[in-house]
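Participant: This is the structure, below, for whatever I ask next.
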Amino acid sequence: MVDKNVVVSVDGKKIAEYPLKKDAKYELSGSHLGTNTLVIQSGKAYISEANCPDKQCMKQGKISRAGEMLVCLPNRVVVKIIDNKKDEPVIDGVSG
């Protein structure tokens, strides 16, 4: 399995990073006293529970590929998959 991590941000600030290859369950504290339950299982991450009003984050399904995200707007929680083996592309101001 490729070395991927799950990065959790709240209000745009990284609060945690977990390995995608290790099954676990985490309680995430979002903004405004909101909570989300992040489950990592069999190389996939998903939100199993949330106390936000619309629960759209729970309906986004499971993610496993680098760049995929789960977003809970009311709780301001973003969960993103990153690939530790792949360097981020370098963007500069020069074009050819």
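The values are calculated or read from the model by the stated rules, or taken from the named source; none is laboratory data. Remember, predicted model here, so these are calculated numbers, not experimental data. Positions of Cβ are backbone-derived with ideal geometry, glycine not excepted, and every protein chain shown enters the neighbour counts. These area figures cover heavy atoms from the full protein model, side chains too; ligands, DNA and RNA do not enter into them. Shrake-Rupley method; radii C 1.70, N 1.55, O 1.52, S 1.80 Å.
Participant: Of all residues in segment 25-41 being in contact (Cβ under 8 Å) with a residue 12 or more places away in the chain and either among the acidic types (D, E) or assigned to a loop (DSSP other than H, G, I, E, B) (or both), which is surrounded by the most Cβ atoms within 10 Å (Cβ to Cβ)?
Facilitator: Filtering segment 25-41 for residues that are in contact (Cβ under 8 Å) with a residue 12 or more places away in the chain and either among the acidic types (D, E) or assigned to a loop (DSSP other than H, G, I, E, B) (or both), the one surrounded by the most Cβ atoms within 10 Å (Cβ to Cβ) comes out as G30.
Participant: If you don't mind, another one. Tally time: how many residues in segment 23-67 are basic (K, R) and touching a Gly at 6+ places or on another chain (Cβ under 7 Å)?
Facilitator: 0
Participant: Also, I was wondering about something else. For E17, all conditions in the list (1) open to solvent by 50 Å² or more (accessible area, probe 1.4 Å); (2) assigned to a strand (DSSP E or B); (3) more than 19 Å from K85 (Cβ to Cβ) hold save one; what is the number of the exception?
Facilitator: The failed condition is (3).
Participant: Just checking, which of K44, K22 is surrounded by fewer than 14 Cβ atoms within 10 Å (Cβ to Cβ), within 21 Å of K85 (Cβ to Cβ), modelled with pLDDT of 95 or more and not aromatic (F, W, Y)?
Facilitator: None of the others qualify; the one that does is K22.
Participant: What are the pairs with Cβ atoms under 9 angstrom where one residue, in segment 67-96, is closer than 20 Å to K13 by Cβ and among the aliphatic types (A, V, I, L, M) and the other, located anywhere, is at pLDDT below 55 and part of a loop (DSSP other than H, G, I, E, B)? Sequence gap at least six, or different chains.
Facilitator: Close Cβ pairs (under 9 Å, with a partner that is at pLDDT below 55 and part of a loop (DSSP other than H, G, I, E, B)) amount to I82/E88.
Participant: Looking only at segment 26-41, which residues are within 13 Å of the chain's Cα centre (by Cα), modelled with pLDDT of 95 or more and of a type outside the set (A, V, I, L, M, F, W, C)?
Facilitator: Y26, E27, N36, T37
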